[in-house]
1. Taking the alpha-carbon distance from A:K76 and a cut-off under 29 Å, which lysines remain once sequence neighbours fewer than 8 residues away in the same chain are dropped?
2. Distance check, please: which entries in A:K15/B:K336; A:K391/B:K15; A:K281/A:K336; A:K212/A:K290 exceed 22 angstrom between their Cα atoms?
3. About its Cα centre, what dipole magnitude does chain B give when the only charges are +1 on Lys and Arg Cβ and -1 on Asp and Glu Cβ, stated in debye to the nearest 20?
4. Taking K and R as +1 and D and E as -1, what net charge do the other residues with C-beta under 12 Å from the C-beta of B:T404 add up to?
5. Could you size up the charge dipole of region A:216-358 around its Cα centre, putting +1 on the beta carbon of Lys and Arg and -1 on that of Asp and Glu, and report it in debye to the nearest 20?
6. Non-local amide H neighbours of B:L201 (under 5 Å, H modeled in plane, Pro and chain starts lacking H): which ones?
7. Using the alpha-carbon centroid of each, what span in Å lies between region B:92-170 and region B:213-267?
8. At a threshold of 8 angstrom on Cα-Cα distance, excluding pairs fewer than six apart, so keeping six or more, what relative contact order does region B:230-373 reach in percent?
There are 2 protein chains.
Amino acid sequence: MTTQEYVFDLAERAKKASVALRTLSTATKNAALNAMADALVARQGEIFETNARDVARAEERGLTGALLSRLKLNEKKVAAMAEGCRQVATLPDPVGRVISGERRPNGLQIEQVRVPLGVVAVIFESRPNVTVDAAILALKAGNAVILRGGSEALETNALLARIISEAATQNGVPAGAIGFIETSDRAASSQLATLSSHIDLIIPRGGEGLKKALMSVATVPVIFAAGGVCHVFVDQSADLNMAANIAVNAKVSNPGVCNSLETLLVHRQIAEQFVPLVSQKLGDQHVVLKGDERARSLDSSMQEATEEDWAAEYLDLTLAVRIVDSLDEAIVHIAKYGTQHSDAIVTTSYANAQRFVYEVDSAAVYVNASTRFTDGFEFGLGAEVGISTQKLHSRGPMGLDALTSTKYIVRGDGQIR
Amino acid sequence: MTTQEYVFDLAERAKKASVALRTLSTATKNAALNAMADALVARQGEIFETNARDVARAEERGLTGALLSRLKLNEKKVAAMAEGCRQVATLPDPVGRVISGERRPNGLQIEQVRVPLGVVAVIFESRPNVTVDAAILALKAGNAVILRGGSEALETNALLARIISEAATQNGVPAGAIGFIETSDRAASSQLATLSSHIDLIIPRGGEGLKKALMSVATVPVIFAAGGVCHVFVDQSADLNMAANIAVNAKVSNPGVCNSLETLLVHRQIAEQFVPLVSQKLGDQHVVLKGDERARSLDSSMQEATEEDWAAEYLDLTLAVRIVDSLDEAIVHIAKYGTQHSDAIVTTSYANAQRFVYEVDSAAVYVNASTRFTDGFEFGLGAEVGISTQKLHSRGPMGLDALTSTKYIVRGDGQIR
């Protein structure tokens, strides 16, 4: 079988499964999710053996450090995957929720109801737990899923998919509902992205390279979870201790994630007081600062920031610092260099807070809080499929609703037009 | 200037305008819409002169009949465009509407609010009134718009766009908010579809050819308003007079539109009684029937239906008729041949009604009503951007909300994570 035939066959099975999934009861889905949790724990010995082979191959290829430890599974990680299954089982089922409805003057009762999307493809890299995360969220929202993971975790991912798929089908989920692409042939991704007859949505979770490659070929709708160049703007009216705490938290609490701070903008009127204060606190946390000329004049230990720094998503303990003359300049800077992810103002001015939240065009805008809160769990969505920085369908943290569509149900008693 | 430079320049102007449009007041937008209405009526002499040149050229090229009359403007059509502007002014502004919100345990106040998409491109064919329709809906939702119409109406469309754009900018709308592509170079469309740095959404309103051409090149998100192969299924329990009335209405009240009936499915248990009844009523309305073998045995005047007929969107007074053995067979037929637009069951059975509305995966599903109601105005949306048959972002009739995105606004008092 060619890769093309193989992917098409998986897509056919997923599409067939999606018909039965559409009306699968919440109880059945939840029972399957709990059975998946049990199966993962029960079969963890097998998982570790398989994972050890992937890890050994990765080491041979020279993989080290964070990337290697992301690949390596242990009891704690398997327990976390199982816990994820049980948690998703406790979430409200999005399918069937009535979003709006009314009786029209002609007597027609119209309601708009959430329904599954159908078939969702998820392409991801490295971390094997995404195999389970993506499958359980897709299942809870009533979708069939086709998974395609990174080649270094191929054997581990394939086993995880097999374990949860078997547990699911033994508990009333139709066969084909959880498909996994067991080949590292790159052609499989582009084929998924062009199978618009079978696939309703494709979600790439990976680097910019993957996104660009898919964007140029995809005919299937894509939701990108792009990077975050996030800003904190410290207004002239800010509580400076609050501002320093927010800046430090947004930068250091988890520098490797997309909602962490990358550029600090400081109003010139309080720069002389604020820059030394925040510099010291950030320095204590080993943050390297790169400043514009005015910032460096207030802290000579700063490196020089270049044009590239304003657009940089460092994802480490580096922070760009710029002094601005006004709120307007801050807003223009964010529009020019930001990625419309998460941006915050620290201020005591009502007018400036209002302007910032309405004029800054980002998925999440903050007043007097850390950008690190942009997250499905922190926002109360109960789960997170990813954080969308695109404007269509779903923007910001994506919960289960992002994996659904809607339909109109119209009930009448013979109405004609 | 090359076409590429020209389109890029329009997109730059639109993107710049979109910043000011984001926070433009409802009052300003409504005043501009009313001024556009006044300007269209005041300058209708100029519109007719210009339109006459497009019409003359089209006649020279051999355009006749419905296509020519769609192109030709008169006082009534200009009055309808003006009325459209005034009606959109009366609609509630979608921008700023709070969709959901809560206070989180840590005290953060989170709200999800509707915001404009930014820049919307609309590519359409033939009817000049779409120039005005698309521009006013985009404006009301706070978007800049770039319009690209059919070549046969180029001069008319360009003038309409100029008139409304001038009226808008004289009333506080930023310059560049309404852009029109004044070239018939086909490269302009594919460039719009790939300017993802500037354009947030592209809506093609035209034939399947346009859609396929865009789909293969687009990197900008696209919403397709695809065709409708709509079904009415007459269940064995149906009130047969109601069923006949619905079938006739769905077929003949406006056969050229996407929500009109194309295939009638009849349960075999009532076929003997129902087929002669509906055949006569449809015959009275000059509908040509194409039946499967069993249908033809009940009405010998029917033509033979082939496999192609089940998938045909006739858009005229032709109707395919098929006898099915069961609700299941009807649901399978609709899934196989339909376009997931609008499908109806006529029944007195609660169980069959429930199964039909939940198992048929269409944008609108009906019980005991005509498919012709799938329409933004009939559904109470107040306006219609089109009818989406795709599942992402907006499905079914698209109102102003479909031209918006959302953002999260988070207000705190120093929260860190």
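Every number in this text was worked out from the coordinates using simple rules, so none of it is lab data. Quick caveat: nothing in here was measured; it's all calculated off a predicted structure. Using ideal geometry, Cβ is built from the backbone for each residue, glycine included, and neighbour counts are taken over all protein chains shown.
1. A:K29, A:K140, A:K251
2. Details: A:K15/B:K336 12 Å; A:K391/B:K15 15 Å; A:K281/A:K336 28 Å; A:K212/A:K290 29 Å.
The pairs that break the limit, which is 22 Å between Cα atoms, are A:K281/A:K336; A:K212/A:K290.
3. That gives chain B a dipole magnitude of about 1460 debye.
4. Numbers: positive: A:K391, A:R395, B:R22, B:R97, B:R114, B:K140, B:K407; negative: B:D93, B:D200, B:D401.
Local net charge: +4.
5. Numbers: 9 positive and 18 negative charges, 50 e Å.
So the dipole magnitude of region A:216-358 works out to roughly 240 debye.
6. B:V119, B:A121
7. 28
8. Details: 286 pairs, mean separation 48.3, N = 144.
Over region B:230-373, the number comes to 34 percent.
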